[in-house]
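The values are calculated or read from the model by the stated rules, or taken from the named source; none is laboratory data. Because the structure is predicted, anything quoted here is derived from the model rather than measured. We place every Cβ from the backbone using ideal geometry, glycine too, and count neighbours over all the protein chains shown. All accessible areas refer to the heavy atoms of the entire protein, side chains included, with ligands and DNA or RNA removed. Shrake-Rupley method; radii C 1.70, N 1.55, O 1.52, S 1.80 Å.
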Amino acid sequence: MNAAAETTKGQSEDIRPLSAGQFIAAPTPGERARLRGARCRACGETFFPPRRYCAACTSGEMEDIELPSSGSVESFTIVHQQLPGSAMIPPYAIVNVRLGAGPVVQTVLREGHEMLELDDDVALVVETVLNEDSHSYVAFIARRLAGGSKEEGK
Amino acid sequence: MRDVVVLGAGLHRFGRFPDKSLPDLGREAIENALDDSGVPFKDIEVAYVGRVLAGMGAGLSVVSEMGRTGIPVINIEMACGSSTSAFREAYLSVATGVYDTALVVGFEKMQRGLIQIADQKSYQTVMGLAVMPASYALQARRYMADHGATAEMFGQVSVKSHRNGALNPYAQYQTAVTLDDVMNSRSIADPVTLLQCSPTTDGAAAVVICAASKAAQYKSGRLAHVAGWATGSGKYEPTGDSAEGEADTGEIGRLVAMAWERAGLGPEDVDVTQVHDAFAPGEIFSIEGLGLVPVGEGAQAVWDGRTEIDGDIPVNTDGGLLSRGHPIGATGCAMVTEIVRQLTGEAGPRQVKGGDAHVGLIQNAGIGGMNILVLTS
């Protein structure tokens, strides 16, 4: 899996989501991530990724919803050790992002992680994370929102 | 349900043993547990085996080292909680009268480096999310902000664990470290540093349990009894049910309440505790979840020395996962072993409360669930 380390914008022929079913519409690199969540019609709990039965009340009456494409950083950690098989090159941040009243989603933040603080606002955007077998694999990652952080207010 | 006692327990030293096979490791632990119990292997009626990484039917290849008596050998897997799951099943089989004597074994041989918790091609791996210490680090950073704790308070867990490990001849690490050593070791997932991570380990642990009514033929004196237990798999808590930023101790708290109810005891009765400190912050989250200290006060309790061997809530007296080592399938039985030593006054230099320890609490977690055990003497 040597290609895993190649995260540069390749000349790949087609774009595929790294994880099928995460997006409510075809993802375009550089644009806001339109994530597919699920809401339980019985109890109202929301989930990401979507699921067929509600984890809270076990109802099978679930509907697709589009999740907000920004949220606040509930917590984060800076990873310094390479995970075998990963396309992410340390150091990078793993962030738990709370999407308003909705679910907490986990992803990475690659640029500006050294300025990240708890409760920062971040956007979820589509980026190419892996080029392999002439395919570009895209996923949603977190990006700090300009003007939303304490440093930039100084 | 019948009263059940732990008659014996024993380990193969935890560490790195590239020249030893799983049967070599497991046989030595079983021999030590049988010797401690006074039970000959031919009297063992069933064996429950906790193991994770070994191939199909690994339990039999180890247990049959002691003889082929035709007993059922049951393989159980719940990641790092495998051998407390095996213990729980063995306990239920004796408590319900199906068997009188049971053997519990846990063993593992592991590779060096970050443990692979997801398939190499999986989304979680490619995205760099399947980093085990990160889950503790994420919780730790939020905890620091919410409760005013410092990174050094987490580091102190590891200092204490290594000091205890130096008193344990079965521990992987038997050398004390300073807080500077811990804080200056390289960062793995900030704020968790290398010395705040449990190592990968080879090792084995075994326990012999017996119906209390049959114990006298094998052993006399002070024995550890199984007083309470609980197992669960991570109940989903709806978003609105906990205040934002609240420390996530729900699952431990839910389960330990079940264990206390079965035991007729409570957190104020505990003399000695084993918790799942796969990474240093784990001890702090666990003692809060178990109700040994209020939520938000665990880090300060560690910093003040309350979880030391001579503290008022001694935790992981044998070095815990951080220093004893963490051969994932064997860890649960090693936890039981240390609590049994403490409750029978046989813990030597690690002994708490001058040997006057009568209630021991165990919390062992794995991907897939958590086990709580309460032992008494």
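Brief remarks on what is shown
- Criterion (assigned to a strand (DSSP E or B) and either among the hydrophobic types (A, V, I, L, M, F, W, C) or more than 7 Å from every other protein chain (Cβ to nearest Cβ) (or both)) met by exactly one of A:Leu130, A:Leu118: A:Leu130
- In the range B:166-185, the residues that are of a type in the set (Asp, Glu) and either in contact with a helix residue (DSSP H, G or I) (Cβ under 7 Å, 6 or more places away or on another chain) or not in a helix (DSSP H, G or I) (or both): B:Asp181
- Screening B:Gly264, B:Gly368 for residues that are modelled with pLDDT under 95 and surrounded by fewer than 24 Cβ atoms within 10 Å (Cβ to Cβ) leaves exactly one candidate, B:Gly368.
- In the range B:116-165, counting only helices (runs of 4 or more DSSP H) that sit wholly within it, the ones holding 3 or more residues that are more than 9 Å from chain A (Cβ to nearest Cβ) and either within 18 Å of A:Pro91 (Cβ to Cβ) or touching a residue at least 40 places away in the same chain (Cβ under 8 Å) (or both) span B:132-147, B:151-165.
- Pairs with Cβ under 9 Å, 6+ apart, first in the range B:1-26 and at pLDDT 95 or above, second surrounded by fewer than 18 Cβ atoms within 10 Å (Cβ to Cβ) and among the β-branched types (Val, Ile, Thr): B:Arg2/B:Thr96
- Residue count for the range A:100-109 under the criterion of being more than 8 Å from every other protein chain (Cβ to nearest Cβ), without any contact (Cβ under 8 Å) to a residue 60 or more places away in the chain and open to solvent by less than 10 Å² (accessible area, probe 1.4 Å): the result is 1.
- Residue match in the range B:329-351 (condition: crowded, with 24+ Cβ neighbours inside 10 Å and part of a loop (DSSP other than H, G, I, E, B)): yes
- Under the condition of being touching a residue at least 24 places away in the same chain (Cβ under 8 Å) and open to solvent by 40 Å² or more (accessible area, probe 1.4 Å), the residues counted in the range B:39-71 number 8.
- Top-ranked residue of the range B:186-216 - restricted to ones that are polar (S, T, N, Q) and more than 14 Å from every other protein chain (Cβ to nearest Cβ), ranked as farthest from B:Tyr173 (Cα to Cα): B:Ser213
- Criterion violated by A:Ile89 - all others in (1) under 17 Å from B:Val131 (Cα atoms); (2) β-branched (Val, Ile, Thr); (3) facing chain B (nearest Cβ under 10 Å); (4) open to solvent by less than 30 Å² (accessible area, probe 1.4 Å) satisfied: (4)
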